[in-house]
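Derivation of every value follows stated rules applied to the coordinates shown; laboratory data play no part. These numbers were taken from a predicted model, which means no experiment stands behind them. So basically every Cβ, Gly included, is an ideal-geometry build from the backbone, and we count neighbours across all protein chains shown.
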Amino acid sequence: MCQYSSKDGLPTEWHMVHLGSRAIGGAGLVLTEATAVVPEGRISPDDMGIWSNEHAEALKPITRFIKEHGSVAGIQLGHAGRKASTAAPWLGGKPVDENHRGWQTFGPSPVAFGDYPVPKELSKEDIRALISSFTDAALRSLEAGFEVAELHMAHGYLLHQFMSPLSNKRDDEYGGNFENRIRFPLEVAEAVREVWPETYPLFVRISATDWADGGWDLDQSVELSKAFKKIGVDFVDCSSGGLVSYAKIPARPGYQVRFAQEIKRNADIATGAVGIITQPNQAEQILVTNQADAVLLAREFLRDPYWPLHAAKALGDDIKWPVQYQRAKR
């Protein structure tokens with residue numbers, strides 16, 4: 001049985017990913033979802049952040065618990081940009097103003113996402129400050145006990161907004177041609193890699209395509225992934241979409257796996273496959289056919305927190321169950 005990493009549920013067994021001098025094997029990876037590096041980077045007022053030492057202290061018991069149970073704790077660091085200041089999903093997910101716990105949003109250009117408020121354009125000074133915010137967040141993550149960091153550059157959030165010409169209309173060195181549009185994401189990744197321990201993996205999550213004419217696409221994702229590899233990024237988590245409200249996304253089981261396969265092949269970097277991967281045999285096939293180096297699960301763990309145990313049984317692998325549940329094992 002090839003084994004799996006989890007995205008935001010209980011840990012599963014990790015499929016071994018070789019990352020040069022950095023590797024994770026034999027244990028599950030439990031990865032938080034977007035954790036804001038500054039308050040205005042939260043997607044909603046209810047989101048987690050790590051912009052203060054108090055956040056790091058509060059997270060220590062969680063990472064310690066994960067490690068005590070044989071798994072590895074990872075954190076996803078991000079900034080929502082123009083898609084920030086929205087209500088939590090269970091409260092409707094719509095933009096909220098300052099009278100409802102909201103705030104001014106920011107982006108590469110004053111271009112709104114759909115009917116959201118127009119963001120304030122970031123200055124060069126703001127950009128430099130945010131690079132420092134990402135590195136400070138990475139250092140706090142280390143203090144909190146995390147051993148894997150993932151930079152969120154997907155789903156239409158700030159770093160993705162800089163990458164796509166549909167949201168980045170700047171005419172300075174951070175906008176225009178491809179090299180300029182990827183400058184800020186690369187600067188963030190390089191700065192975080194400098195402070196993140198050499199023995200700890202650095203992941204990046206990208207949207208491989210905007211699913212919209214004139215936007216970010218797979219060819220650009222391959223070139224960006226090559227640049228990531230040069231600065232020490234170990235793994236590209238390949239998602240898609242989220243930048244524009246009018247995108248036509250052909251969602252179906254495994255519809256994003258080809259992005260992981262193409263980036264792995266053409267950029268020569270380890271990749272992860274995501275997106276409507278729900279069945280054990282489906283995940284196994286992705287790994288054994290070398291389409292990706294790992295499969296990351298998220299919503300399926302919300303539906304079934306015990307998916308790893310059920311997957312092991314379906315694939316004929318006898319993995320260890322929590323002692324409290326041994327009587328239910330069949």
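Summary of values
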quantity: Rg followed by Dmax, in Å, when the range 223-320 is reduced to its Cα trace; calculated: 14.9, 46
quantity: Label-reachable residues, the range 255-274, where backbone N falls under 15 Å from a point 7 Å from E223's Cα toward its Cβ; calculated: 267
quantity: Share of alpha-carbon pairs per 10 Å distance bin for the range 5-328, given as whole %; calculated: 6, 27, 36, 24, 6, 1, 0
quantity: Estimated 222 nm signal from helices in the chain, with DSSP H stretches of n ≥ 4 weighted -39500 (n - 2.57), rounded to 500; calculated: -9500 deg cm²/dmol
quantity: In Hz, Karplus ³J(HN,Hα) per residue of the range 69-85 (6.51, -1.76, 1.60; θ = phi - 60°; x = Gly, Pro); calculated: 9, x, 10, 10, 9, x, 10, 9, 9, x, 9, 7, x, 6, 9, 7, 6
quantity: Partners for K60 among aspartates and glutamates (Cα-Cα distance below 14 Å; same-chain residues under 8 apart left out); calculated: E68, E143, E147
quantity: Most fluctuating residue given options L31, L151, L309, as computed from a GNM of the chain linking Cα atoms under 10 Å; calculated: L309
quantity: Charge sum, other residues only, whose C-beta stays under 10 Å from T278's C-beta, Lys/Arg counted +1 and Asp/Glu -1; calculated: 0
quantity: Calculated FRET efficiency for the pair D268/S123, C-beta based, R₀ 35 Å, to 0.05; calculated: 0.45
quantity: Distance in nm between pseudo-label sites at E54 and R303 (7 Å out along the Cβ direction from Cα); calculated: 3.9
quantity: The range 245-330: chymotrypsin sites (Phe, Trp or Tyr not before Pro) in DSSP loop, at most 13 other beta carbons within 10 Å; calculated: Y246
quantity: Length gained when the stretch D115-N180 is fully extended (0.36 nm per residue, less Cα-Cα span); calculated: 20.7 nm
quantity: Formal net charge of residues neighbouring S44 (Cβ-Cβ distance under 11 Å; K, R +1; D, E -1); calculated: +2
quantity: Coil-residue GluC sites (Glu not before Pro) of the range 115-177, DSSP, other Cβ within 10 Å capped at 16; calculated: E173
quantity: Under 21 Å from the Cα of K230 - lysines, other chains or at least 8 residues apart; calculated: K264
quantity: Neighbourhood charge, 13 Å Cβ-Cβ cut-off, centred on W90 and excluding it, Lys, Arg +1 and Asp, Glu -1; calculated: -1
quantity: Partners for K329 among lysines (Cα-Cα distance below 29 Å; same-chain residues under 8 apart left out); calculated: K7, K67, K313, K320
